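Reading through the structure tokens given below for one structure.
The values are calculated or read from the model by the stated rules, or taken from the named source; none is laboratory data. Everything quoted here is computed from the prediction, not taken from an experiment. Note: ideal-geometry Cβ built from the backbone for every residue, glycine included; neighbour counts use all protein chains shown. Side chains are part of the model used for accessible areas, which takes the heavy atoms of the whole protein and leaves out ligands, DNA and RNA. Shrake-Rupley method; radii C 1.70, N 1.55, O 1.52, S 1.80 Å.
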Amino acid sequence: MTELEAINRMLSAIGQAPVTTVDQTNPDVAICSRTLTQVSQEVQSEGWTFNTFYNKQVTPDTDGYIVIRPTNIQVGTGVRDHIIQMDLSYNTRYARDKDSIAKQYLTNICLYNKTDFTFNWGTDPVEVDTIEYYSSLASLPAAAQNLIVAKASTRISMRTVGDTDQYRILSNDEEYARTQLQQYETEQGDYTFFGHPKNGNFYNSYKPFHTLSR
């Protein structure tokens with residue numbers, strides 16, 4: 001789904017005529033485009049199987065910094081992927097006494113060591129638990145695209161139309177779209193009842209000798 005297709009679906013949801021180009025001088029198109037970008041960021045920031053990666057190693061640059069993303073990156077449809085979130089792994093001895101956050105340094109968002117109060121991570125690769133990526137709308141699964149457009153349509157209705165009946169109908173569509181994305185998530189995520197982490201099984205089943213050892 002392209003940005004133009006998404007905007008036309010949003011315009012149709014609030015009873016407006018479709019457009020042929022993403023013309024930012026058109027007030028309706030402009031607000032739809034901004035809302036679409038905002039909602040896309042919100043949904044992807046929740047962390048899903050399609051944009052979350054585990055147990056990866058990242059290599060600091062020549063100055064020892066781990067750049068998450070430039071602050072001046074153009075966020076929106078059609079842009080390259082960039083990182084939303086990066087968490088330091090606690091599975092390695094190197095990282096057990098460290099805590100990390102994303103923080104701005106000069107013109108970039110970098111991984112910051114809260115324990116040592118520094119952006120410098122040395123020269124060795126650093127293992128991270130999770131990396132969440134922000135991607136363009138066109139590269140997302142259809143279920144995610146549908147939720148983003150449905151949620152953006154609901155928000156547009158609230159901001160520009162103010163019709164409570166229309167808002168309620170669009171809210172129901174949004175709830176259905178989220179249900180479909182959650183269904184996709186459970187099928188793709190291979191989650192278990194025990195909730196063990198990705199690529200690991202920490203469930204300890206009962207063994208008779210445990211009782212005897214007490």
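Whenever you get a sec, line up Thr35, Thr107 from highest to lowest accessible area (probe 1.4 Å, protein heavy atoms).
Thr107, Thr35
Whenever you get a sec, line up Glu3, Glu187, Glu46 from highest to lowest accessible area (probe 1.4 Å, protein heavy atoms).
Glu187, Glu46, Glu3
Would you list Glu132, Glu5 from the most to the least accessible area, probe 1.4 Å?
Sorted descending by solvent-accessible area, the residues read Glu5, Glu132.
May I ask you to compute the full-extension gain from Arg168 to Lys56, defined as 0.36 nm times their residue separation minus their alpha-carbon distance, rounded to one decimal in nm?
Contour length minus Cα-Cα distance gives 36.1 nm.
Could you check the spin-label model distance between Ala17 and Val161? Points 7 Å from the Cα along Cα→Cβ, value in nm.
According to this spin-label approximation, the distance is 1.8 nm.
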